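As structure tokens, the structure follows; a few thoughts come after it.
The values are calculated or read from the model by the stated rules, or taken from the named source; none is laboratory data. Just so it is clear, the structure is predicted and the values come from calculations on it, not from any experiment. A quick note on method: Cβ atoms are made from the backbone with ideal geometry, for glycine too, and the neighbour counts reach across all protein chains shown.
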Amino acid sequence: MSPAELRETRRSARNGWLLSTPALILLFCAAAGPLLIVVIYSFLAPGKYGNVEWQFSTAGWVGILWTKDIFDETWHLADAHLAIFWRSVSLSLLTTLFTFLVGFPTAWFIATRPANHRAFWLFLITIPFWTNLLIRTYAINEVLRKEGLVNTVLIKLHVLSEPLDMLYGPFAIFVGMTYVYLPLMVLPLFASIDRFDMKLLEAGHDLYASRWQLLRRVILPIVKPGIIAGSILVFVPSLGAYVTPRVLGGGKQMMIGNFIELQFGQGRNWPLGAALSMTLLIVVTVALLVYVRYAGRDGDARHG
Amino acid sequence: MAEKHFEVSRLPGFATTAIIVFVALYVPIFTLVAYSFNASMSVAVWGGFSTDWYVKAWSNQQIKDATLRSLIIACFAAAISTAVATMAALGTTRRKAFKGQTFIYVMINQPLMVPEIVTAVALLILFGMIKQATGIQGIGYVILAHSAFCIPFAYLPIRARLEGMDLSLETAAADLYATPWQTFRRVTLPLLAPGIAAGAMLAFVISLDDVVITEFVKAGGQDTLPTYMLGQMKRQLTPEINAVSSMLLLVTVALLTAFFLLTRKKNDG
């Protein structure tokens with residue numbers, strides 16, 4: 001590289017940094033930086049009336065899994081916490097699985113429409129995606145409640161004689177999360193299927209593959225990156241969900257997100273809340289890293 | 001009879017599932033809008049058609065304040081995040097890859113990766129400390145938080161537009177003795193404008209819709225429309241909440257349609 005070129009490269013890099021600086025400062029002050037404070041808070045002692053005492057303590061981290069008996073001061077596993085974690089993980093996995101089962105046919109349907117109709121079907125998926133999460137959650141409330149759409153229709157059709165009590169519980173949270181996160185599954189699946197070469201199916205058919213074999217042996221392996229992307233995009237926000245379990249779960253059926261809020265409200269245990277937040281962040285980061293790893297490997301495999 | 005023509009891309013049950021999904025996506029939203037025209041006092045019982053709840057929502061001072069506050073926050077957040085995102089997009093595209101570029105990408109996309117509740121808690125703690133130390137109150141904290149998490153949404157369409165842009169026009173301007181600033185002002189910026197508008201619109205919608213972070217960052221009496229609605233959902237519901245939701249829905253759909261028209265032009269031209 002000639003000195004002039006080298007100078008030009010340096011200048012370009014410097015300009016790149018300078019232009020990005022305002023965004024970086026803003027993000028550091030109000031998004032990434034504050035996370036460091038949460039780490040510090042997770043290692044402090046809880047204050048009596050909320051907030052923290054400035055002394056080192058691991059009580060926040062220990063408190064994730066164990067509680068101290070108030071009478072005999074012995075430590076034992078916190079069953080209530082475990083129940084909340086289990087509910088969060090199982091509901092998130094269930095949501096991911098179900099959005100895939102209904103999202104895959106939907107994405108396939110859109111991708112196999114004539115080219116000039118595709119944008120319209122995609123637009124139909126995108127509108128709910130961008131509309132307010134709270135409104136969509138509330139809309140599910142309208143459908144599931146005692147006098148709601150499902151009960152009214154089923155009673156009119158004489159399927160039911162009594163309205164079903166569907167609201168405020170794991171079932172309602174599952175329906176709500178499936179509803180609000182479905183577009184996040186359909187969009188990456190569509191992107192994958194859209195690139196899929198349909199000629200492969202003809203080739204497979206000529207070689208006497210059944211439809212089921214084509215789906216399992218040809219389509220699914222090729223669109224796998226889309227499946228992984230969609231699953232991560234649904235699983236991550238489900239695990240950290242706050243609004244949906246709050247509106248559809250009633251007060252008692254908490255998920256991690258609500259449990260974290262509780263520590264900063266009535267629970268008055270900020271270090272525990274901070275430690276829980278960090279745990280959630282670590283789980284999400286691991287999920288994202290797995291995704292990057294897999295997506296990267298897939299890319300390599302295709303070239304190899 | 002021999003199989004007519006094997007339609008390879010047609011898989012059994014897929015189209016039916018897809019249609020059911022589309023219906024299921026829209027039925028709840030339409031139900032919500034329909035009940036906003038319910039004359040009855042309760043959300044539970046249909047009492048005939050009426051637009052009373054819109055009138056009532058319109059004259060509810062709390063809703064008016066919350067709406068105004070939401071709009072002010074969204075305008076500031078969209079303006080600030082779009083401005084810094086435009087600069088960052090210019091800094092990270094159309095130049096040789098430089099050291100630290102990945103770091104910049106990760107930072108910009110960070111709000112998309114961290115669960116909202118975690119950011120919300122972090123900001124609650126940080127802003128609490130600042131408020132205690134300086135005594136400064138106000139809506140500025142909410143605007144700051146919104147400006148930050150709107151950046152990736154503003155950045156992505158602007159960057160996409162920049163990457164699709166033809167460099168030869170700028171080279172031509174430079175060849176005709178335009179200064180770098182003139183080239184930017186007269187060539188780059190006008191070409192980039194649809195991307196900037198699209199980014200600003202997404203940022204506006206994202207800010208307008210935010211519940212979780214606002215709920216944690218706001219002080220008493222600083223309700224935005226979504227946090228006001230969240231608060232109402234604990235109580236006995238009236239169709240007023242449906243009326244407000246329907247209005248917000250209308251604004252979002254209008255902005256999204258505009259967004260799609262803006263970004264579609266890019267593909268045609």
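Elements of the type helices (runs of 4 or more DSSP H) sitting completely within the stretch A:227-304 and holding at least 2 residues that are over 16 Å from A:ILE84 (Cα atoms) and at pLDDT 85 or above: these cover A:270-303.
Is it the case that B:LEU68 is more than 7 Å from chain A (Cβ to nearest Cβ), hydrophobic (A, V, I, L, M, F, W, C), without any contact (Cβ under 8 Å) to a residue 40 or more places away in the chain and out of contact with any Asp or Glu (no Cβ under 7 Å at 6 or more places or on another chain)? So B:LEU68 passes the test. Restricting A:ALA107, A:ALA78, A:ALA83, A:ALA111 to those that are at pLDDT 85 or above and farther than 30 Å from A:MET198 by Cα reduces the list to A:ALA83. Small (Gly, Ala, Ser) and assigned to a helix (DSSP H, G or I): does that describe B:ALA97? Criteria not met by B:ALA97. Every listed requirement among (1) over 25 Å from B:VAL212 (Cα atoms); (2) exposed (fewer than 14 other Cβ atoms within 10 Å of the Cβ) is met by B:GLN61 save one, (1). Of all residues in the stretch B:104-133, those satisfying the criterion of being farther than 17 Å from B:LEU144 by Cα and either of a type in the set (Ser, Thr, Tyr) or out of contact with any helix residue (DSSP H, G or I) (no Cβ under 9 Å at 6 or more places or on another chain) (or both) are B:TYR105, B:GLN132, B:ALA133. Checked against the criterion of being aromatic (Phe, Trp, Tyr) and touching a His at 6+ places or on another chain (Cβ under 9 Å), the stretch B:48-64 has no qualifying residue. Pairs are defined by a Cβ separation below 6 Å, a sequence spacing of at least 6 or placement on different chains, a first member in the stretch A:197-224 that is assigned to a helix (DSSP H, G or I), and a second member that is surrounded by fewer than 14 Cβ atoms within 10 Å (Cβ to Cβ); the pairs so defined are A:HIS205/B:PHE6. Filtered by the rule that a residue be within 9 Å of chain A (Cβ to nearest Cβ), of a type in the set (A, V, I, L, M) and either closer than 15 Å to A:VAL150 by Cβ or not in a loop (DSSP other than H, G, I, E, B) (or both), the stretch B:10-32 gives B:ALA15, B:ALA18, B:ILE19, B:ILE20, B:VAL21, B:ALA24, B:LEU25, B:VAL27, B:ILE29, B:LEU32. Criterion applied to A:TRP212, A:TRP270 was being over 21 Å from B:VAL114 (Cα atoms) and within 12 Å of chain B (Cβ to nearest Cβ), and the one residue passing it is A:TRP212.
Please verify whether the stretch A:146-160 includes one or more residues that are modelled with pLDDT of 80 or more, assigned to a helix (DSSP H, G or I), over 14 Å from A:THR95 (Cβ atoms) and within 8 Å of chain B (Cβ to nearest Cβ). Yes, because at least one residue in the stretch A:146-160 is modelled with pLDDT of 80 or more, assigned to a helix (DSSP H, G or I), over 14 Å from A:THR95 (Cβ atoms) and within 8 Å of chain B (Cβ to nearest Cβ). Sub-6 Å Cβ pairs linking a first residue in the stretch B:194-221 that is surrounded by 21 or more Cβ atoms within 10 Å (Cβ to Cβ) to a second residue that is outside any helix (DSSP H, G or I) and of a type in the set (Val, Ile, Thr), at least 6 apart or interchain, are B:THR214/B:THR224, ordered by first then second residue.
For (1) of a type in the set (Phe, Trp, Tyr); (2) buried (at least 24 other Cβ atoms within 10 Å of the Cβ); (3) more than 7 Å from every other protein chain (Cβ to nearest Cβ), each residue gets a yes or a no:
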residue	(1), (2), (3)
B:PRO111	no, no, no
B:ALA122	no, yes, no
B:MET129	no, no, yes
B:ILE136	no, no, yes
B:TYR141	yes, no, yes
B:ALA145	no, yes, no
B:PHE149	yes, yes, no
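The residues of the stretch A:45-84 that are aromatic (Phe, Trp, Tyr) and surrounded by fewer than 17 Cβ atoms within 10 Å (Cβ to Cβ), listed by number, are A:TYR49, A:TRP54, A:PHE56, A:TRP66, A:PHE71, A:TRP75.
Checking the stated criteria, B:LEU68 turns out not to satisfy the condition of being under 20 Å from B:LEU202 (Cβ atoms) and in a helix (DSSP H, G or I).
Among residues of the stretch B:70-105 being among the polar types (S, T, N, Q) and in contact with a Leu (Cβ under 7 Å, 6 or more places away or on another chain), the one that is surrounded by the fewest Cβ atoms within 10 Å (Cβ to Cβ) is B:THR93. The residue that is surrounded by the most Cβ atoms within 10 Å (Cβ to Cβ), counting only those in the stretch B:151-181 that are touching a Ser or Thr at 6+ places or on another chain (Cβ under 7 Å) and of a type in the set (Asp, Glu), is B:GLU170. Identify all residues within the stretch A:97-111 that are crowded, with 20+ Cβ neighbours inside 10 Å, in contact (Cβ under 8 Å) with a residue 40 or more places away in the chain and facing another protein chain (nearest Cβ under 7 Å); write none if there are none. Correct list: A:THR106, A:TRP108. Restricting to the stretch A:53-64, name every residue that is within 14 Å of another protein chain (Cβ to nearest Cβ) and within 26 Å of A:ASP79 (Cβ to Cβ). Across the stretch A:53-64, the qualifying residue is only A:GLY60. Of the helices (runs of 4 or more DSSP H) entirely within the stretch A:1-119, those holding at least 2 residues that are more than 32 Å from the chain's Cα centre (by Cα) and not charged (D, E, K, R) occupy A:3-27.
A single entry from B:ILE63, B:ILE73, B:ILE80 fulfils the requirement of being in contact (Cβ under 8 Å) with a residue 12 or more places away in the chain and over 18 Å from the mean Cα position of the chain (by Cα): B:ILE63. Of all helices (runs of 4 or more DSSP H) completely enclosed by the stretch B:165-269, which ones contain at least 3 residues that are charged (D, E, K, R) and within 14 Å of another protein chain (Cβ to nearest Cβ)? Hits in the stretch B:165-269: B:240-268.
What pairs can you find where one residue is in the stretch A:128-148 and within 14 Å of A:LEU182 (Cα to Cα), the other is among the aliphatic types (A, V, I, L, M) and modelled with pLDDT under 85, and their Cβ atoms are less than 7 Å apart, with a gap of 6+ or different chains? Partner pairs satisfying both residue conditions: A:TRP130/B:LEU256.
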